Amino acid sequence: MVALVRAAALTNFSEVAQELGHDPAAALRRAGLRAALIRQPDQLIEAERVARLLEDAARSTGCESFGLRIAARRQLSNFGVVSLLLMHQPTLRQILLTLIEHLHLLNERLAIQVEDVGSLVVLREELVMAVDARQSIELAIGVLYRMGEALLGERWQPVSVSFTHGAPSSLGFHRRFFKCRVEFDGGFNGLVCRAADLDVANPAADPVLADYARKMIAALPGDRQRAIDQEVRKAIYLMLPAGRATCKSVAQGLGMSVRTLQRELDGRSLNFKQLINEVRQELAPRYVANSRYSLGEVAAMLGYSTHSAFTRWFGVQFGCAPDAWRSRQLHTRKSQP
């Protein structure tokens, strides 16, 4: 099944493109999208088309912060009817958990996890897709940051933001936008916050309006149900770099038993090992291409306990050793004009 995203994901795309001297209508046509879609925020479009559009726009304008510039203009209301439900949750933590519950209505490729680590909370955010999605992940994390800022104002003070991709040539816009430590070539995509910030009461919360919003969402026509294979792949994306992508952990994260998860996958002629391998196939080129990661680090991020096991797997999947693949990619990039 093709993964979809609300056309609202492209809100402010045209404005940012025009400011940077880019023709948004022509860019949309190249991506196979109609300009009229942006005026229909609830229209569903292919998530990978959106990712390619943003990458193309960043390359064409030479602006490595293109996705983040779109995020800087976002409002909570851009989540559509889900925004009403979010605005009336009692705390930011509950807002995040409610957002995770309804992600399938917003972006079927987006995965978010809230992980408590002592006095801190790690908000992991990933886009489950094989295409290059640097701009999309920066847009998604930027929107999450803006949501906290809109709800908490000056009390919103994340400790840091992390990206697995490398740093842009200029960090100016990133530093102005995030107002906290920004790390590139990190072990995950997402934010690190103080747990206390997530548990501050939301003065705007109204349980009556929250209940009303839930009923509105339940009555939406054509509500696409979450496919179990998509949800498992999302969980693997979030857990694999931390070494926790086991069948048991994924099942627990999805609120079901291992037996139930296996039965659900069997019903779609799938198995857990197959999905793990598919995710590794998508992540491996991304990690190996980043020379800031040692191949030992890449092996660990893909869930391998030894470098040799990773090397054997990589050779079977890609036809050469990971160091040879990396050298070839570096040579190709250097030879490009």
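Considering region 242-298 alone, what residues qualify as being touching a Ser or Thr at 6+ places or on another chain (Cβ under 8 Å) and not polar (S, T, N, Q)?
ALA251, ARG286, TYR287, LEU295 - these are the residues of region 242-298 that are touching a Ser or Thr at 6+ places or on another chain (Cβ under 8 Å) and not polar (S, T, N, Q).
Can you name the condition, by its number, that ASP42 falls short on among (1) modelled with pLDDT under 90; (2) in the same structural domain as GLY153 (by TED's automatic domain parsing); (3) not in a helix (DSSP H, G or I)?
Every condition holds for ASP42 apart from (2).
If you take just the helices (runs of 4 or more DSSP H) that sit entirely in region 234-337, which of them hold at least 1 residues that are farther than 27 Å from LEU97 by Cα?
On the way: elements: 247-253, 258-266, 272-289, 295-301, 307-318, 322-335.
It comes to 258-266, 272-289, 295-301, 307-318, 322-335.
Residues of region 141-173 being small (Gly, Ala, Ser) and either free of Cβ contacts under 8 Å to residues at least 40 places away in the same chain or farther than 13 Å from ASN189 by Cα (or both), which ones?
Selection gives GLY148, ALA150, GLY153, SER160, SER162, ALA167, SER169, SER170, GLY172.
Residue by residue, here is whether (1) within 25 Å of ALA205 (Cα to Cα); (2) hydrophobic (A, V, I, L, M, F, W, C); (3) surrounded by 21 or more Cβ atoms within 10 Å (Cβ to Cβ); (4) modelled with pLDDT under 90 holds:
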| position | (1), (2), (3), (4) |
| --- | --- |
| LEU85 | yes, yes, yes, no |
| ILE100 | yes, yes, no, no |
| ARG109 | no, no, yes, yes |
| VAL121 | yes, yes, yes, no |
| ARG134 | no, no, yes, no |
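Does VAL114 count as among the β-branched types (Val, Ile, Thr) and either in contact with a strand residue (DSSP E or B) (Cβ under 8 Å, 6 or more places away or on another chain) or not assigned by TED's automatic domain parsing to the domain that holds ILE95 (or both)?
Yes; evaluated as a whole, the condition is true for this residue.
So, in region 9-30, how many residues would count as being surrounded by fewer than 21 Cβ atoms within 10 Å (Cβ to Cβ) and either at pLDDT below 90 or part of a helix (DSSP H, G or I) (or both)?
10
Which members of region 153-183 meet the condition of being in a loop (DSSP other than H, G, I, E, B) and over 17 Å from the mean Cα position of the chain (by Cα)?
The answer is TRP156, GLN157, PRO158, VAL159, ALA167, PRO168, SER169, SER170, LEU171, LYS179, CYS180.
The values are calculated or read from the model by the stated rules, or taken from the named source; none is laboratory data. The shown structure was predicted, so the numbers you read here are calculated from the model rather than taken from an experiment. Note: ideal-geometry Cβ built from the backbone for every residue, glycine included; neighbour counts use all protein chains shown.
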